[in-house]
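Only one structure is covered here, and it is reproduced in the block below.
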There are 2 protein chains.
Amino acid sequence: MSNSEVANKQVIFKGYIDGVPKQTDMELNFSNIQLNQQLPPQSLLLKNLYLSCDPYMRGRMRDFHGSYIPPFVPSQALEGFGVSKVIVSDNPNFKAGDFISGFTGWEEYSIISIAKAQQLRKIEHDHHIPLSFHLGLLGMPGFTAYAGFYEVCAPKSGEYVFVSAASGAVGQLVGQLAKLHGCYVVGSAGSKEKVELLKEKLGFDEAFNYKEELDLDAALKRYFPQGIDIYFDNVGGDMLDAALLNMKIHGRIAVCGMISQSNLSDPKGISNLSSLIYKRIRMEGFLQSDYLHLFPKFLEQVSSYYKQGKIVYFEDMNEGLESAPAAFVGLFHGKNVGKQVIRVAHE
Amino acid sequence: MSNSEVANKQVIFKGYIDGVPKQTDMELNFSNIQLNQQLPPQSLLLKNLYLSCDPYMRGRMRDFHGSYIPPFVPSQALEGFGVSKVIVSDNPNFKAGDFISGFTGWEEYSIISIAKAQQLRKIEHDHHIPLSFHLGLLGMPGFTAYAGFYEVCAPKSGEYVFVSAASGAVGQLVGQLAKLHGCYVVGSAGSKEKVELLKEKLGFDEAFNYKEELDLDAALKRYFPQGIDIYFDNVGGDMLDAALLNMKIHGRIAVCGMISQSNLSDPKGISNLSSLIYKRIRMEGFLQSDYLHLFPKFLEQVSSYYKQGKIVYFEDMNEGLESAPAAFVGLFHGKNVGKQVIRVAHE
């Protein structure tokens, strides 16, 4: 091993899967990398500091090329959002020492080609905001909450808002933005601890543990006796079916994620869509990537809210790349409390 | 029977039902009515000329009071859209001899209270347009097509449009409006005769008989190799599920009716809603009654198209009130070819 050669642990994607992701769908690989190697033109060598575990990554484990993002490549490291430090740059937009966020590999060091380097974002390192927040509050999940709530839900002050997976990476910001907008907000989550977080720390008006409800329709009728104006749907499945029965006339459903269905090759059908007609409901799927023109405004507004103490944000931080497979798999069992992040290296 | 007493046949709603409507859910009643009776203040006595059979009426046969329209009253005549002639008026807005359209009874003569008289519309009798068209092309179904296509679907010239139940009261106008708008239009229907009507008379680019397709997904892929921009959904169920798989990015689904599901107390679920997310689809239920401010513009534009020969409209006309129960039941078996109307009396 030469002076500039260092160990580079990786999390390898073993191959396409059906059903719920398991730790054995990934494996650790131990190799080395030359830090002073000649990079391809305009490429970057990054040291990865934080990696993000996000449910959408499940979609990349299928052998399906028709989606908005291609599948993972078997036998290569997984890819995901990360916060990284530039070690070597052949790209005029970045220099050594810069902090960046964007797609990187599930490994300690990554070489980023020119095409992918164009999609990276330089982080203005503000010491009042944790760097890892660029994977959550100020990253893709936070922007998903922002774009979905303001652009898709068309909220009005005083409206009744329901958020599922409410303590998750997206849901916790949706609920807080809705409160700041003057809405009444109820969240659902899958444990007593999460429900307490929603009510005690995140300012939700009410919250409930869906696993303790035998009848989701009845639960929603209890929390929304007058009906729901806005449902921010992170889960799909039975909760969506129950919400359809409890929407108000001209209600809106932002379809953000269907984690309850994402592992099922034969998902359970939604039966109550006729509610769409007689209640004139708008149900709209969205991706944050369609709203990137709003990203600078989002960053400014949400950073400002955070620094003023108007919003908080909870992370579930795992230590070390080797913890990544379990943390990712845990998403699909509701193990994370808040945004799931992996600390690969200290800043 | 005095001089002014005449026979008044009625179709009586026997009681709330489950499942598909049957002729035996209704019965004929023979009574008499005094034509020179003293009416309650501001009421009208109508002679009904044409009655409309519409699928939404199935919803009024349930004992469910939470919808946009109340259920029928057992042991009374059914209610529906009709074209009628005013015989006696105590209402300053109408005079004897006027032709009107709006809610009336399934009977030869109806007394309309002040509250219901306010919702009637006087018809300017234009001899170039059949009176019965005020139940179809120029009535609720036509306006449903107009509002749904222009306001909900947000169509652009050159887009790919799919219409189910395409030869029906609503679908036939949707397809023709889409063609006039510069779209490529494919319709589905349930018989060879209807498919020919779509292609030969209604100007659809293509049409297919869904009953001859073993795999609706494959059928849509054949007719829309590039995908669907707009799906005007009149049926729900399996066709909706297949359309979800074939929508283009940023596609729109106007949810107008779910006749395939309207008889089922346990409707089959829709499994492909995750397409909403990755294709960013907007799916919106609507009722024409939310767009009534556009009705005068609709009436002018569609009447003008019709008189210029730019659109045509097909009715399925049954003769006599006694044919009404079978005609209504036939809707749910796809028996009607075009808009189903009952002629109760000649003009």
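The values are calculated or read from the model by the stated rules, or taken from the named source; none is laboratory data. Since the model is a prediction, treat every value here as computed from it, not as a measurement. For neighbour counting, all protein chains shown are included, and Cβ atoms are generated from backbone atoms with ideal geometry for every residue, glycine included.
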Residue check, A:Glu300 in a helix (DSSP H, G or I) and among the charged types (D, E, K, R): yes
Among the residues listed as B:Phe64, B:Phe72, the single one being closer than 30 Å to A:Lys248 by Cβ, at pLDDT below 95 and part of a loop (DSSP other than H, G, I, E, B): B:Phe64
Filter pass, A:Gly175 being without any contact (Cβ under 8 Å) to a residue 40 or more places away in the chain, under 23 Å from A:Ala243 (Cα atoms), outside any strand (DSSP E or B) and touching a strand residue (DSSP E or B) at 6+ places or on another chain (Cβ under 6 Å): yes
Where B:Lys85 falls short, out of the listed (1) out of contact with any helix residue (DSSP H, G or I) (no Cβ under 6 Å at 6 or more places or on another chain); (2) within 14 Å of chain A (Cβ to nearest Cβ): (2)
Count of residues meeting criterion [surrounded by 23 or more Cβ atoms within 10 Å (Cβ to Cβ), touching a Gly at 6+ places or on another chain (Cβ under 9 Å) and either part of a helix (DSSP H, G or I) or of a type outside the set (S, T, N, Q) (or both)] in the stretch B:153-167: 6
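Residues checked against (1) at pLDDT below 95; (2) in a loop (DSSP other than H, G, I, E, B); (3) over 20 Å from B:Lys339 (Cβ atoms):
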position	(1), (2), (3)
B:Val83	no, no, no
B:Val86	no, no, yes
B:Phe94	no, yes, yes
B:Ile100	no, no, no
B:Ile111	no, no, yes
B:His128	yes, yes, no
Answer residue from the stretch B:288-326, given it is touching a helix residue (DSSP H, G or I) at 6+ places or on another chain (Cβ under 7 Å) and within 14 Å of chain A (Cβ to nearest Cβ) and is surrounded by the fewest Cβ atoms within 10 Å (Cβ to Cβ) among those: B:Tyr291
Single condition B:Ser260 does not satisfy, out of (1) outside the structural domain of B:Gly171 (by TED's automatic domain parsing); (2) among the hydroxyl-bearing types (Ser, Thr, Tyr); (3) within 20 Å of the chain's Cα centre (by Cα): (1)
Filtered residues of the stretch B:102-123 (kept if in contact with a helix residue (DSSP H, G or I) (Cβ under 9 Å, 6 or more places away or on another chain), surrounded by fewer than 23 Cβ atoms within 10 Å (Cβ to Cβ) and closer than 22 Å to B:Ala169 by Cα): B:Gly102, B:Phe103, B:Arg121, B:Ile123
Flag if A:Ala243 is under 26 Å from A:Phe295 (Cβ atoms) and under 23 Å from the mean Cα position of the chain (by Cα): no
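Per-residue answers, yes or no, for (1) crowded, with 20+ Cβ neighbours inside 10 Å; (2) under 17 Å from A:Lys116 (Cα atoms); (3) within 18 Å of the chain's Cα centre (by Cα):
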residue: A:Gln23; (1), (2), (3): no, no, no
residue: A:Met26; (1), (2), (3): yes, no, no
residue: A:Asn32; (1), (2), (3): no, no, no
residue: A:Asn36; (1), (2), (3): no, no, no
residue: A:Leu39; (1), (2), (3): no, yes, no
residue: A:Gln42; (1), (2), (3): no, yes, no
residue: A:Leu45; (1), (2), (3): yes, yes, no
residue: A:Leu51; (1), (2), (3): yes, yes, yes
residue: A:Pro55; (1), (2), (3): yes, no, yes
Any chance B:Gly269 is within 14 Å of chain A (Cβ to nearest Cβ), without any contact (Cβ under 8 Å) to a residue 12 or more places away in the chain and in contact with a helix residue (DSSP H, G or I) (Cβ under 9 Å, 6 or more places away or on another chain): yes
Residue identified as in contact (Cβ under 8 Å) with a residue 60 or more places away in the chain and either over 14 Å from the mean Cα position of the chain (by Cα) or not assigned by TED's automatic domain parsing to the domain that holds A:Leu216 (or both) among A:Ile87, A:Ile123, A:Ile111: A:Ile111
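Could you tell me which of the residues A:Ile69, A:Ile17 is within 14 Å of chain B (Cβ to nearest Cβ) and among the β-branched types (Val, Ile, Thr)? If you could, list the steps in order and put the result at the bottom.
Working: A:Ile17 fails: within 14 Å of chain B (Cβ to nearest Cβ).
On inspection, the qualifying residue turns out to be A:Ile69.
Give me the residue from the stretch B:272-287 that is outside any loop (DSSP other than H, G, I, E, B) and over 19 Å from B:Pro155 (Cβ atoms) and, out of that set, farthest from the other protein chains (Cβ to nearest Cβ). Walk me through how you get there before you give the answer.
Taking the stretch B:272-287 as the starting set, the residues that turn out to be outside any loop (DSSP other than H, G, I, E, B) are B:275-278, B:282-285.
Right, trim to over 19 Å from B:Pro155 (Cβ atoms) and you get B:275-278.
Values: B:Ser275: 8, B:Leu276: 3, B:Ile277: 4, B:Tyr278: 5 Å.
Residue satisfying both the conditions and the ranking: B:Ser275.
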Selection count where residues are surrounded by fewer than 20 Cβ atoms within 10 Å (Cβ to Cβ), at positive phi and either within 13 Å of chain B (Cβ to nearest Cβ) or part of a helix (DSSP H, G or I) (or both), scope the stretch A:199-252: 2
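Residue-by-condition table, conditions (1) over 22 Å from B:Phe332 (Cα atoms); (2) in a strand (DSSP E or B); (3) touching a Phe, Trp or Tyr at 6+ places or on another chain (Cβ under 6 Å):
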| position | (1), (2), (3) |
| --- | --- |
| B:Asn8 | yes, yes, yes |
| B:Val11 | no, yes, yes |
| B:Ile17 | no, no, no |
| B:Asn32 | yes, yes, no |
| B:Leu46 | yes, yes, no |
In the stretch B:275-287, the residues that are in contact with a helix residue (DSSP H, G or I) (Cβ under 6 Å, 6 or more places away or on another chain) and modelled with pLDDT under 95: B:Ser275
